[in-house]
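The structure appears below as structure tokens.
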Amino acid sequence: MANTVIIGAQWGDEGKGKLVDLLTERADGIVRFQGGNNAGHTLVVEGKKVVLHLIPSGVLHQGKTCMIGNGVVLDPEVFCKEIDTLGEQGVPVGPDRLMVSLRTHIIMPYHKILDAARESSKIKGNKIGTTGRGIGPCYEDKMSRIGIRAGDFLDEDLLRRKIEAALPEKNALFAMYGAEQLDVDQVFEQIIPFARRVVDYIDDVPAKIQGLQAEGKSVLFEGAQGTHLDIDHGTYPFVTSSSTVSGNAAAGSGCGPATIEEVVAVVKAYTTRVGEGPFPSELEDAVGDHLGEKGAEFGATTGRKRRCGWLDLVVMRESVRLNSPTGIAMTKLDVLGGLEELKICVGYDYKGQRIEYPPQDQHGLAEVAPIYESLPGWNEDISDITSFDALPANARAYIARVEEVLDVPVSIVSVGPGREQTIIR
Ligand code: GDP
Ligand code: IMO
Ligand code: MG
């Protein structure tokens, strides 16, 4: 298989985990390149559900190297718990097949406190609706060049000194937010049992990726979140704190961009969003409830109810422009079954004019009105269908219209959560 990036093209939860698990069969290495345990990637294999937050979604396949890249932010406690949970489920994950980059930034206890304090505070203004996992504050420290990296766990004296250097500023912020003060020993003691386990997994991830590629083996790059949660290209400020677009796969893992041959954009057959922020095609009616219930749209990380709406191809046009997908994987097509009429958003009315791409100014997306095209639905249960031609004609027409508007082939169709419920064209 070609070296392939898999990214979410909407606002996350498109079904990236399922796709990565599926495609891992043909890959040799799988690397997460951004985000942290704000992600929740669900795999369903032989009826058993596994939710991964940090460990690459290829982990259920033996004999493949799973890697956590420099672009990821890693919570050591979550990392250890995830390994333990997998072990209890009969999937042992040792350093022989899981690596953490020396340069991966560490989510510290104070990052989580700060995330929560800001979200509940009235001082800061905008509530983002974050996952509360300390993601933003950790990336802030990375950019401020005061972050702690996995490699720092190899020298405990250095680790202590770095905590010492970081804390005064954090405590000043805690005072402002009315949160409790932290001391160095407390933070050190809290982190050290997990740090000592992470150390076993630390390795030179860029060298591993480059080595696999040099041998003609293939690497899957697993994106988290979605294009419209991207720190630059998303619906700022209602975004996550990392670069979620395909272009970051190389930088966030440590290889050259020209080694990447394919980009699969994962697109849910409708749209969902968790947290705050504009969502033009949102449905706050019975159809929205239907999608939420049939699609079981509850967050895999926080359990929050996902907001639901029609497929928005304006947002998708932008995703195509930003990610250069060579193919689309359309997921959850089965969920649309049973609706008489389906709508897809093909343009926006913005200040009295029709536009084809989202407005680039920060608040524009909150002011657009979606322009819909109507397509006939289907009633059949498609969740057992294994070939494209066996899909109801209206389902095929729905996909064909998406391909036409976006000018990208839908190369994979997912009709259920199970690994086998997938049509590869
Ligand atoms: P990710 O964050 O992009 O990996 O997606 P999530 O795992 O957070 O959310 C996708 C949800 O949809 C999970 O519960 C999957 O098991 C489920 N899922 C994936 N593909 C399909 C599909 O084609 N049909 C249905 N009904 N569920 C799916
Ligand atoms: P996966 O990989 C959906 C959203 C949060 C919030 C915003 C910022 O499962 O698709 P953060 O904690 O990152 O600072 O929160 O981003 N968000 C996600 N929404 N899927 C995700 O990941 C998300 N990760 C973050 O809900 O709106
Ligand atoms: Mg998810």
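The values are calculated or read from the model by the stated rules, or taken from the named source; none is laboratory data. The shown structure was predicted, so the numbers you read here are calculated from the model rather than taken from an experiment. Note that we place each Cβ from the backbone using ideal geometry, even for glycine, and neighbour counts take in every protein chain shown. Ligands, DNA and RNA are excluded from the accessible area calculation, which covers all protein heavy atoms including side chains. Shrake-Rupley method; radii C 1.70, N 1.55, O 1.52, S 1.80 Å.
Would you mind checking LYS16/LYS64; LYS18/LYS81; LYS81/LYS142; LYS48/LYS343; LYS16/LYS208 for any pair whose Cα atoms are more than 30 angstrom apart?
LYS48/LYS343
Which FRET efficiency value, to the nearest 0.05, do you get for ASP384 and GLU180 by plugging their Cβ-Cβ distance into 1/(1 + (r/R0)^6) with R0 = 51 Å?
Details: r = 54 Å, r/R0 = 1.06.
After rounding to 0.05, the efficiency reads 0.40.
With just the Cα atoms defining each centre, how far is segment 360-424 from segment 49-73? Give it in Å.
28
Just by accessible area at a 1.4 angstrom probe, what is the order of TYR110, TYR357 from largest to smallest?
Correct descending sequence by accessible area is TYR357, TYR110.
Ignoring everything but the protein chains, give the 1.4 Å probe accessible area of TYR236 in square angstrom, nearest 10.
120
Can you work out the FRET efficiency for the pair GLU25 and GLU88, with r the C-beta to C-beta distance and R0 = 25 Å, to the nearest 0.05?
For GLU25 and GLU88, the calculated efficiency is 0.55.
Assuming R0 = 56 Å, can you tell me the calculated FRET efficiency for the pair GLU164 and SER374, based on Cβ-Cβ distance, to the nearest 0.05? Don't skip to the answer; put the middle values down first.
Details: r = 62 Å, r/R0 = 1.11.
E(calc), rounded to 0.05, equals 0.35.
Which length gain, in nm to one decimal place, applies between GLU356 and THR302 when the Cα-Cα distance is subtracted from 0.36 nm times their residue separation? Mind showing how you got there, number by number?
On the way: separation 54, 0.36 × 54 = 19.44 nm, distance 3.35 nm.
Separation in residues times 0.36 nm, less the Cα-Cα distance, equals 16.1 nm.
Can you tell me how much longer the chain between HIS363 and VAL45 gets when fully stretched, taken as 0.36 nm per residue apart minus their C-alpha distance, in nm with one decimal? It would help to have the intermediate numbers written out before the result.
Details: separation 318, 0.36 × 318 = 114.48 nm, distance 4.15 nm.
Contour length minus the Cα-Cα distance gives 110.3 nm.
When DSSP assigns beta bridges and you keep just the ones with both residues in the chain, what percent turn out antiparallel, to the nearest 5?
Close to 40 percent.
Please give me the summed charge of the neighbours of LEU158: other residues whose Cβ is under 12 Å from its Cβ, Lys and Arg +1, Asp and Glu -1.
Around LEU158, the surrounding residues sum to -1.
Take the alpha-carbon centre of segment 242-304, take the same for segment 101-160, and report the distance between them in whole Å.
One Cα centre to the other: 23 Å.
Along the three principal axes, how long is the chain when you take its alpha carbons, biggest first, rounded to the nearest angstrom?
65, 51, 38
Using a 1.4 angstrom probe and counting only protein chains, how large is the accessible area of ARG307 in Å², to 10?
60
State in Å² the accessible area per residue of the chain; use a 1.4 Å probe, count heavy atoms of protein chains only, and round to the nearest integer.
Counting only protein heavy atoms, the per-residue value for the chain is 40 Å².
With every protein chain left in place and a probe of 1.4 Å, what is the accessible surface of ILE260, to the nearest 10 Å²?
Using a 1.4 Å probe on the heavy atoms, I get roughly 40 Å².
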